[in-house]
Structure formats: structure tokens, C-alpha cells
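Please read the structure below before turning to the comments.
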Amino acid sequence: MKLSLQIDQIDALELSRDKFRNHYLTKSKPLIIKNFANLFPAGKLWTFEYLNKIMGNHKVGIIDSSKSRNTAYTGYDLIMSFSEYSSIIQRDEETPFRIFLLNMFKEFPELRKEFPTPDLVKGVLGNLGLAFFGGKNSKVRFHFDIDCSSVLMTQIIGRKRVILISPFYDKLIYKVPLTSFSLIDPDQPDYEKFSALRYVEGYDFIVQPGDAVFMPSRYWHFNTYLEGGMAVSYRIMANNPADIYNGLMNTTIRLVFDKFMNSTIGDSWMQKKKILAIDNANNMIKKLQEEQKITLLSEGI
Ligand SMILES: O=C(O)CCC(=O)C(=O)O
């Protein structure tokens, strides 16, 4: 994998809704928006101490990201109070514990006033702001958002490393059929087992607290919390019919069928999907070679 593409960066004060929509949203081009959180009270107010005062007693579901999973995240590994959780992730110690898709604005509407829907994302789904927390070195497995919406992720506390890869590479990064995740670990790409990774290019960058990242519809992301941190993601509904259709199919029929098969035939279902993912990658290499569209990247191979 060659992760040396350079992502555009624009200061929040220089980015209009039109510029964002015409140059990034409609072109599916990733972007870092510097100092985006400063446009809202949350950018200055939100610290773990502040959030604890508001939601410290609230029970939150925790995902242990060191465990491997064969389906979309659904259940929790642990439940604890937010104050207990935030004290764990504020220590300078590694922990795999994360909070994923916390609908905190529903429970705490006063927080929404401090980070209301940004103009950039206003529209269908624009009111859905979801929060994410993670401890030092916790990882969000390599995935794209299953509903195929675009995401504006604002990093409020802590730095995060983000690897972003275009959906063009779906097959070459071993997308697991019927799911929104992949067989590979971008931290340790295994070129022996997954040789198609030699053809993949992407972005690898660090998001600073206060900055936002625009991840276009179906972009793959692999996030690593470099220290205890939190982010809020607002969503923008996919803007082309194929993505809208796929988003609907993914969140309904495909997800339900995949879970059913996992619960009935378990690991052998995952094994079948692994074989298919590998076949898909090999067939894609052949197709791109025939069309002379492939370049072999030299990095690490
Ligand atoms: O960084 C995180 O914890 C997850 C963010 C994410 O996957 C998203 O906003 O879609």
C-alpha cells in the first residue's frame, strides 16, 4: 500500500458551503477543514471534565476493539458510567476501549446547542450528530460507513491518525462480501497473503484537535486514537442513486442476512466470505491488467 496521497486542507473560515459542495462533496474528494471546531462553542468548551459534569452518570456501551468481529458492531462488550470510562481513557496508558456511534445529542440536547448542525452538512440526515470516544492506541477497524453516507468527522479532543482509501479499491483491499469491512489490517499489511494490496494507494494523516475530516461516501477509514479523545460525526446522505440504493440494501437485507448466516453457520460463513474476497481481489487484478490500468507500487515489496 502506498499511503502518500496528499489531502487538501482549508481553514474553516475560508470554506463556504458552495465551495465545499462543488469541490469536495460532489467530487467525492477528501478534505481536512482546519480549526472547524472553533466555529462552535464546543470547540472551546468540551473537555473530558466538562462532558463529565453533563453526562458523568450516564451509562455508556463500550466496544473492546482488540476483539475481532465477523459482523457490523451491534452489541457492547461492557457497560459503565461515562465518568468511569473517561477516567480510563484520560490515563496515559493504552486501552482498546471505545464508544462508537453515541447519540449524545438525543440524551443531552444542551450539548447540541454547543455543536449544532454545521451549514456544510445541512440537508437530509444533517441533524444526526453522533459521538465517538477512544483511549490511547485504540483502533477503529478498517471500514466504510454502511449506510454509504458521507461523513464530516470533527475531532474535538485528542489527535487521531486516519488512513483513508477510495472505494475504487474495494476489491483490492479485500472487502468482505455483504459487509462494510475488509480482511486486511492497514497497520500490518500482509503482502504475502493479500498480494493485491501492492496496487492500493491512499491517504495517511494525523487529525489535530479542532480539525474536521470530510470522508466522502463509501471511503474506507482506519482510525487510531493517538491519545484519549473524542469526535463528533455529522452525516450527509449519499448523492448518487447507486450509493443511496447500496446504503439501503446494506442496512437492511444484506446486514440481516449476514447476521442470520453468522448466527446459524458461524465461522464457516466467514470462511466462505474470505474465499470470495480473495477471488474478487485476484479477478480485479486480472481485469485491471487486461485494461492496462494497473500500476505496481514499489513500497515494501
Ligand atoms: O474515530 C472513530 O472513533 C470512528 C469514526 C467513524 O468511523 C465515523 O465517523 O464514521
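Here, each number is a calculation from the coordinates, and none is a lab measurement. Note that the structure is predicted; figures quoted are calculated from it, not measured. Heads up, the Cβs are rebuilt from the backbone with ideal geometry, glycines too, and the neighbour counts pull from every protein chain shown.
Things to note:
- Angstrom value of the Kirkwood radius, inverse mean 1/r, which spans all Cα pairs in the range 149-301: 17.2 Å
- By other beta-carbon atoms within 10 Å, ranking L125, L39 with the fewest at the front produces L125, L39.
- Simple spin-label estimate for T251 and D64 in nanometres, 7 Å along Cα-Cβ: 3.0 nm
- Cα centroid separation - the range 1-55 against the range 180-212, whole Å: 21 Å
- Arranged from fewest to most other beta-carbon atoms within 10 Å of their beta carbon, T179, T71, T154, T47 become T47, T71, T179, T154.
- Cα-Cα pairs of the range 10-151 separated by more than 18 Å (percent): 64 percent
- Straight-distance candidates among the lysines for linking to K53, with alpha-carbon spacing under 24 Å and chain neighbours fewer than 8 residues away dropped: K44, K106, K113, K136.
- For F181, distant residues with modelled amide H under 5 Å away: V176
- In the chain, the calculated helix contribution to ellipticity at 222 nm averages -7500 deg cm²/dmol per residue, counting -39,500 (n - 2.57) for every DSSP H run with n ≥ 4.
- Longest to shortest principal axis, alpha-carbon extents of the chain, angstrom: 57, 45, 37
- Straight Cα distances below 13 angstrom link K273 to the aspartates and glutamates D258, with same-chain residues fewer than 8 positions distant left out.
- The Cα trace of the range 1-52 gives Rg and Dmax of 14.6, 40 Å, the first to one decimal, the second as a whole number.
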